[in-house]
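S.K.: Take a look at this one; I'll ask things after.
The values are calculated or read from the model by the stated rules, or taken from the named source; none is laboratory data. Note that this is a predicted model, so its numbers are computed, not measured. Cβ placement follows ideal geometry from the backbone for every residue including glycine, while neighbour counts extend to all protein chains displayed. Heavy atoms of the whole protein, side chains included, go into the accessibility calculation; ligands, DNA and RNA do not. Shrake-Rupley method; radii C 1.70, N 1.55, O 1.52, S 1.80 Å.
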Amino acid sequence: MSRYHEIYERWKADSEGFWAEAASEIDWFRKWDRVYAEVDGLDRWFVGAECNTCYNCLDRHVERDRGGQPALIYDSPITGAERTYSYDELLEEVATFAAVLQQRGVAKGDRVILYMPMVPEAVIAMLACARIGAIHSVVFGGFAAHELATRINDAKPRLIVSASCGVEPGRIVAYKPLLDRAIDQSDFKPEGTIVLQREQEAATLKPGYDHDWAELMSKARNEELKADCVPVLATDPLYILYTSGTTGVPKGVVRDNGGHMVALKWSMDAVYGVDPGEVFWAASDVGWVVGHSYIVYAPLLHGCTTILFEGKPVGTPDAGVFWRVISEHGVAALFTAPTAFRAIKKEDPGGKFIERYDLTQFRTLFLAGERADPDTVKWAEEMLSVPVIDHWWQTETAWAIAANPVGLGTLPVKYGSPTVPMPGYDVRILGPDGKEMPRGELGAICIALPLPPACLPTLWQNDERFRESYLAAYPGYYQTGDAGYMDEDGYVFIMSRTDDIINVAGHRLSTGAMEEAIANHRDVAECAVVGIADQLKGQVPVGFVVLKSGVNRPTEEVESEVVGLVRDEIGPVAAFKSAMVVDRLPKTRSGKILRGTIRKMADHEEWSMPATIDDPAILDEIAAAMKKHGFSI
Ligand code: COA
Ligand code: AMP
């Protein structure tokens, strides 16, 4: 019997009591004055409390005899490296790097951008910032210089911590030239950088501006420098994580310290059903929210061993690497994106690799980040013989909005649904008039305010954009940006986005940002980017480009330049590989580009000719262009 309904009702009856009880799992330097309060018009949790997230992730486990337990296992099939850090060792590294940051002038409230590949130093730098009350902002390594520059301009970091390179299958990604270009492009100039020189490829450092990670660390070690935990307010920011919005300017999601710890710690037990001391693996990247929450913070808060995996589900070296990692390290729960499983299934449909490994300690597979298609879920269930749990959340929330809570006892699975709202989330499906839709009917998925602990209180230094983006459309509710429905049993079904965000291989991307990049091409008059269904990646972006009049260069040339431009400006992670020149874009009479209609046509979904279309013939032209570019339409 699942205790879900009982626990959810308990939260509904007394939300503050519920979260105060969960907060007893965290060590506080000073207790809160109010569990919840509205401060300056924003919803805040544990107001008045003082705490330190790094203390709760490391020191307290060491103080309670967990120091010898592995805290972090770095497993990098792509470089062949493997290293385990005990809680004692990780604390030592973090306290030393925190002292290095302090020596370079970083203090409480300062921002530090981390542009790092999946190496232990990324985690060390995050926790070191948390230790001294500095606010980190991790930028995913697959983003290019322009994306990094927009984040530098917004976060205004005192320092940037980076590495000489990342390693992708078949190529070394030199980070330093991208970092230099970004600093060059940005109006705000950080005071300097700290660069981890990797053995695969060293970077050229500018004396006096770029500092070598290893040199600074060895000097600090020789001087026995270590930083203590700096008490911060529960409501102080722990980090800023930029995520795609509808325009090219990403949204700086702010995460606080206190509520974040409380909700994440609670989730490890209730949602994931893992115990302290067990091995938890989120096969994501520290550049995404899944990496923040479930590679770094939640497993460490819970006293688990976390795995930092630098590799891909296939090709590093094969489709058996996930099973090798699970069996070698005794992983109890794996969390990844459905794309990773689609990739494995494609290479090893019969699960031959699975048979080679001992997976007896493996209990549960968790999927999130994009829609978990029933075929993939069923395949994983059959191959692994463990529960496969789809759960739904977003950068803004930091933890599951809807899940099938393993620790409370699972509910029956309905394929295509991430199951039910977690305590803290009062999920409602609203129609265009703001009224609740009947069960089973599609609407905007919203959450009645206040959002639970850990969810964003605002956007970095932009309360107005926060209110406008999330709260304005449905007063009293947070708008998730997803559309879907709830069935008679209260199960949530996520069907699509209500904005121009697409989800490519579990990565959240803005088609608006890609359009802005393409518009910079000198020959482009206008363009539209549409996310089209893809068997492996869920969606991929496709660009339609109209050239300025008088341009008569070969269209193939412009198309490949446009592809290069998006890769250069946004980064390879955009997976933007198809651009096609067309004569005109389909629009409504008021000039709105009919992206949704193009997408439906391309995805072979039912579509009807919009009554307001300017010229219906243009859709035939688009279809012809897509056919010419090899799309089945
Ligand atoms: N640094 C630099 N480049 C990166 C990068 C990084 N950290 N991460 C990805 N890229 C590059 C890739 O090399 C690829 O480049 P290419 O165009 O030269 O091939 C491009 O960005 C697209 O990457 P991706 O969409 O990840 O595709 P892929 O072909 O490399 O791998 C999968 C496909 C399915 C194996 C991969 O997408 C995957 O493991 N997905 C899991 C998703 C995930 O972890 N999501 C996180 C949210 S839970
Ligand atoms: P991100 O902020 O990158 O985590 O992306 C969040 C978005 O990914 C959500 O708003 C959804 O559109 C999508 N998403 C995440 N998890 C799921 C899921 N389990 N099912 C369907 N869509 C999901």
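S.K.: Which one of these does PRO450 not meet: (1) open to solvent by less than 40 Å² (accessible area, probe 1.4 Å); (2) part of a loop (DSSP other than H, G, I, E, B); (3) in contact (Cβ under 8 Å) with a residue 60 or more places away in the chain?
M.R.: If we test PRO450 against (1) open to solvent by less than 40 Å² (accessible area, probe 1.4 Å); (2) part of a loop (DSSP other than H, G, I, E, B); (3) in contact (Cβ under 8 Å) with a residue 60 or more places away in the chain, just (1) comes out false.
S.K.: Further question on the same structure: Are any residues in the stretch 233-264 touching an Asp or Glu at 6+ places or on another chain (Cβ under 7 Å) and either without any contact (Cβ under 8 Å) to a residue 40 or more places away in the chain or open to solvent by less than 20 Å² (accessible area, probe 1.4 Å) (or both), and if so, which ones?
M.R.: Let us first name the residues in the stretch 233-264 that are touching an Asp or Glu at 6+ places or on another chain (Cβ under 7 Å), namely 233-238, 246, 248, 252-253, 256-257.
Those that are touching an Asp or Glu at 6+ places or on another chain (Cβ under 7 Å) and either without any contact (Cβ under 8 Å) to a residue 40 or more places away in the chain or open to solvent by less than 20 Å² (accessible area, probe 1.4 Å) (or both): ALA234, LEU238, GLY248, GLY252, VAL253, ASP256, ASN257.
S.K.: Right, here's the next one. Need the failing condition index for ALA282 against (1) near ligand 1 (Cβ under 10 Å from one of its atoms); (2) touching a residue at least 60 places away in the same chain (Cβ under 8 Å); (3) buried (at least 24 other Cβ atoms within 10 Å of the Cβ); (4) of a type in the set (Gly, Ala, Ser), just the number.
M.R.: It fails just one condition, (2).
S.K.: Looking at the stretch 305-323, is at least one residue within 16 Å of ligand 2 (Cβ to nearest atom) and within 23 Å of CYS51 (Cβ to Cβ)?
M.R.: Of the residues in the stretch 305-323, the ones within 16 Å of ligand 2 (Cβ to nearest atom) are none.
The answer is no; no qualifying residue exists.
S.K.: Take the stretch 453-481 and flag every residue that is within 16 Å of ILE401 (Cα to Cα), touching a Ser or Thr at 6+ places or on another chain (Cβ under 7 Å) and not in a loop (DSSP other than H, G, I, E, B).
M.R.: GLY481
S.K.: If you take the residues of the stretch 483-524 that are within 16 Å of ligand 1 (Cβ to nearest atom) and either closer than 22 Å to ALA448 by Cβ or assigned to a loop (DSSP other than H, G, I, E, B) (or both), which of them is most open to solvent (accessible area, probe 1.4 Å)?
M.R.: ARG497
S.K.: Could you tell me which of the residues ALA332, ALA337, ALA368, ALA319 is of a type in the set (Gly, Ala, Ser) and more than 11 Å from ligand 1 (Cβ to nearest atom)?
M.R.: So the residue among ALA332, ALA337, ALA368, ALA319 that is of a type in the set (Gly, Ala, Ser) and more than 11 Å from ligand 1 (Cβ to nearest atom) is ALA332.
S.K.: Can you name every residue in the stretch 354-390 that is near ligand 2 (Cβ under 10 Å from one of its atoms) and either open to solvent by 30 Å² or more (accessible area, probe 1.4 Å) or not in a strand (DSSP E or B) (or both)?
M.R.: Answer for the stretch 354-390, where residues must be near ligand 2 (Cβ under 10 Å from one of its atoms) and either open to solvent by 30 Å² or more (accessible area, probe 1.4 Å) or not in a strand (DSSP E or B) (or both): ALA368, GLY369, GLU370, ARG371, ALA372, ASP373.
S.K.: Only residues in the stretch 521-548 that are at positive phi count as the first member; pair them with residues that are of a type in the set (A, V, I, L, M, F, W, C) and part of a loop (DSSP other than H, G, I, E, B), Cβ under 7 angstrom, at least 6 apart or cross-chain, and list the lot.
M.R.: GLY538/ALA505
S.K.: Does any residue of the stretch 564-578 turn out to be among the hydrophobic types (A, V, I, L, M, F, W, C), away from ligand 2 (no atom under 16 Å from the Cβ) and over 23 Å from LYS537 (Cβ atoms)?
M.R.: The answer is no; no qualifying residue exists.
S.K.: Spot the failing condition for VAL296; the list is (1) out of contact with any Phe, Trp or Tyr (no Cβ under 8 Å at 6 or more places or on another chain); (2) open to solvent by 10 Å² or more (accessible area, probe 1.4 Å); (3) within 16 Å of ligand 2 (Cβ to nearest atom); (4) not basic (Lys, Arg), and only one is missed.
M.R.: All conditions are met except number (2).
S.K.: Here is a list: VAL296, VAL325, VAL314, VAL274. Which entry is among the hydrophobic types (A, V, I, L, M, F, W, C), part of a loop (DSSP other than H, G, I, E, B) and in contact (Cβ under 8 Å) with a residue 40 or more places away in the chain? First the steps, then the outcome.
M.R.: Details: VAL296 fails: part of a loop (DSSP other than H, G, I, E, B); VAL325 fails: part of a loop (DSSP other than H, G, I, E, B); VAL314 fails: in contact (Cβ under 8 Å) with a residue 40 or more places away in the chain.
Only one candidate qualifies: VAL274.
S.K.: Let me ask something else. Looking only at the stretch 410-438, filter to residues that are open to solvent by less than 20 Å² (accessible area, probe 1.4 Å) and away from ligand 2 (no atom under 15 Å from the Cβ); which one of those is farthest from ILE354 (Cα to Cα)? Working first, answer last.
M.R.: Filtering the stretch 410-438 for residues open to solvent by less than 20 Å² (accessible area, probe 1.4 Å) gives 416-425, 427, 429-431.
Filter once more, so that each one left must be away from ligand 2 (no atom under 15 Å from the Cβ): 423-424, 430-431.
Details: PRO423: 35, GLY424: 37, LEU430: 43, GLY431: 45 Å.
Only one residue fits best here, namely GLY431.
S.K.: Output the helices (runs of 4 or more DSSP H) that fall wholly within the stretch 535-633 and possess 2 or more residues being within 23 Å of ALA517 (Cα to Cα) and open to solvent by 40 Å² or more (accessible area, probe 1.4 Å), or say none.
M.R.: It comes to 555-569, 595-602.
Yes/no matrix, rows are residues, columns are (1) away from ligand 1 (no atom under 16 Å from the Cβ); (2) assigned by TED's automatic domain parsing to the domain that holds GLY248; (3) aliphatic (A, V, I, L, M):
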residue	(1), (2), (3)
VAL540	no, no, yes
THR555	yes, no, no
VAL566	no, no, yes
PHE576	no, no, no
GLU605	yes, no, no
PRO616	yes, no, no
